[in-house]
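Have a look at the structure below before the remarks.
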Amino acid sequence: MSYEITAAELRQYIERIERLEEEKKSTADDIKCVYSEAKGQGYDNKIVKQIIRLRRMEKDARDEEEAVLDTYKKALGL
């Protein structure tokens, strides 16, 4: 199968990627603002980020991680 790349088609891909990169930057800035608001209300951003990470995980993976953490903590007397 032969495929010819045209300048117009390539330009469209490049421009789409550039727009998405700009949206990604804007979204990252928005997220920073929300973390700042949460911190201003007294929330610990480190813990908020940890909760977000845990919520992204499947329940089984989260349960396994918590079990291993508990095992390690018990082994260290924490």
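Give the carbon-plus-sulfur fraction of the accessible surface of segment 4-70 in %, rounded to a whole number; probe 1.4 Å, heavy atoms of protein chains only. Mind showing how you got there, number by number?
On the way: 3350 of 6200 Å².
Reported share for carbon and sulfur atoms: 54 percent.
Extension gain, residue 55-residue 12: 0.36 nm per intervening residue step, less the Cα-Cα distance, totals 11.8 nm.
Taking each residue as 0.36 nm, the span from residue 41 to residue 4 lengthens on full extension beyond its C-alpha to C-alpha distance by 7.7 nm. Surface calculation, 1.4 Å probe, protein heavy atoms: residue 71 sits at approximately 80 Å² accessible. For Cα extents along the principal axes in Å, the value calculated from this model appears in (i) 40, 27, 21; (ii) 65, 42, 20; (iii) 32, 25, 18 under label (ii).
Taking GluC sites (Glu not before Pro) that fall in a DSSP loop and have at most 13 other Cβ atoms within 10 Å as cut points, what is the longest piece of the chain between them? Could you put the intermediate results ahead of the total?
Details: sites that count: 4, 58.
That gives 5-57 as the longest site-free run.
Between residue 48 and residue 73, the distance separating the two model label sites (each 7 Å from Cα on the Cα→Cβ line) works out to 2.3 nm. Among 29, 44, 60, the residue with the largest mean-square fluctuation in a Gaussian network model of the chain, with springs joining Cα atoms closer than 10 Å, is 60. Modelled this way, with points 7 Å down the Cα-to-C-beta line, the labels at residue 66 and residue 26 are 3.8 nm from one another. Each stretch of four or more DSSP H residues adds -39500 (n - 2.57); spread over every residue of the chain, this sum gives -28000 deg cm²/dmol at 222 nm.
Leaving out ligands and nucleic acids, note down the accessible area per residue over the chain with a 1.4 angstrom probe, in whole Å².
Details: 7610 Å² over 78 residues.
Ligands and nucleic acids excluded, the figure is 98 Å² per residue.
Would you please name the chymotrypsin sites (Phe, Trp or Tyr not before Pro) within segment 1-74 that are DSSP coil residues with at most 15 other C-beta atoms within 10 Å of their C-beta?
Working: sites: 3, 13, 35, 43, 72; in loops: 3, 43.
Filter output for segment 1-74: 3, 43.
Among 52, 14, 31, the residue with the largest mean-square fluctuation in a Gaussian network model of the chain, with springs joining Cα atoms closer than 10 Å, is 14.
Our coupling estimate for segment 25-36, obtained by passing each phi through the Karplus curve with A = 6.51, B = -1.76, C = 1.60 and θ = phi - 60°, is 5, 4, 5, 4, 5, 4, 4, 4, 4, 5, 4, 5 Hz, Gly and Pro reported as x.
For the chain, modelled as a GNM whose springs connect Cα atoms under 10 angstrom apart, the maximal fluctuation among 11, 53, 62 occurs at 11. Rounded to the nearest 10 degrees, the angle from helix 45-56 to the longest Cα principal axis of the chain is 70 degrees.
Summing Lys and Arg as +1 and Asp and Glu as -1 over all other residues whose Cβ lies under 14 Å from the Cβ of residue 23 gives a net charge of -2.
The values are calculated or read from the model by the stated rules, or taken from the named source; none is laboratory data. Predicted model, so just to flag it, every value in this text is computed and none were measured. Positions of Cβ are generated from backbone atoms using ideal geometry, with glycine treated the same way; all protein chains shown enter the neighbour counts. Ligands, DNA and RNA are excluded from the accessible area calculation, which covers all protein heavy atoms including side chains. Shrake-Rupley method; radii C 1.70, N 1.55, O 1.52, S 1.80 Å.
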